[in-house]
Amino acid sequence: MLLENWEKWTSFLGQQVQEAKEHGMSKKVIEKTAVQIGDYLAKNVDPKNEQERVLSDLWGVADSEEKHALANCIIKLVQNNRVQ
């Protein structure tokens, strides 16, 4: 399963961010979508590995502004992982 492997998950997210950009989606819309996905995952999906547990714990204590900051950090992480 995709969410059980951190590398697969971040690679998949990186591909999705790249495709969104190629289709003209703005950074703001990508960020808003990332926050919505984060909210969904936090409510509906149990973390499958240590990295997801940390993200879940951070997401659980973050306010709205902090969730946007986390979403931006995750977007940067998956974009950087695609380049390497």
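The values are calculated or read from the model by the stated rules, or taken from the named source; none is laboratory data. Values in this document were obtained by computation on a predicted structure and should not be read as measured data. Neighbour counts are summed over all protein chains in view; Cβ atoms, including those assigned to glycine, are modelled from backbone coordinates with ideal geometry. The protein model used for the area step is the full one, side chains on, heavy atoms only, and it has no ligands, DNA or RNA in it. Shrake-Rupley method; radii C 1.70, N 1.55, O 1.52, S 1.80 Å.
Over the chain, the fraction of Cα-Cα pairs per 10 Å bin, rounded to whole percents and listed from the shortest bin up, is 18, 53, 28, 2. If I compute solvent accessible area with a 1.4 Å probe over the protein chains, what percent of it on the chain is carbon and sulfur? That share works out to 53 percent. When only Cα pairs below 8 angstrom with a gap of at least 6 residues are kept, the range 2-80 shows a relative contact order of 47 percent.
Taking a ≥ b ≥ c as the square roots of the eigenvalues of the Cα gyration tensor, an a/c ratio of 1.5 or more together with a/b no larger than b/c marks the range 11-51 as oblate. About its Cα centre, the dipole of the chain is roughly 300 debye, where the only charges are +1 on Lys and Arg Cβ and -1 on Asp and Glu Cβ.
Listed cross-link partners K27/K48; K21/K43; K28/K67; K8/K48 are compared with a 21 Å cut-off, the Cα-Cα value being larger for K27/K48; K21/K43.
Heavy atoms of the protein chains alone define the surface here; on that basis the chain has 71 Å² accessible area per residue at 1.4 Å probe size.
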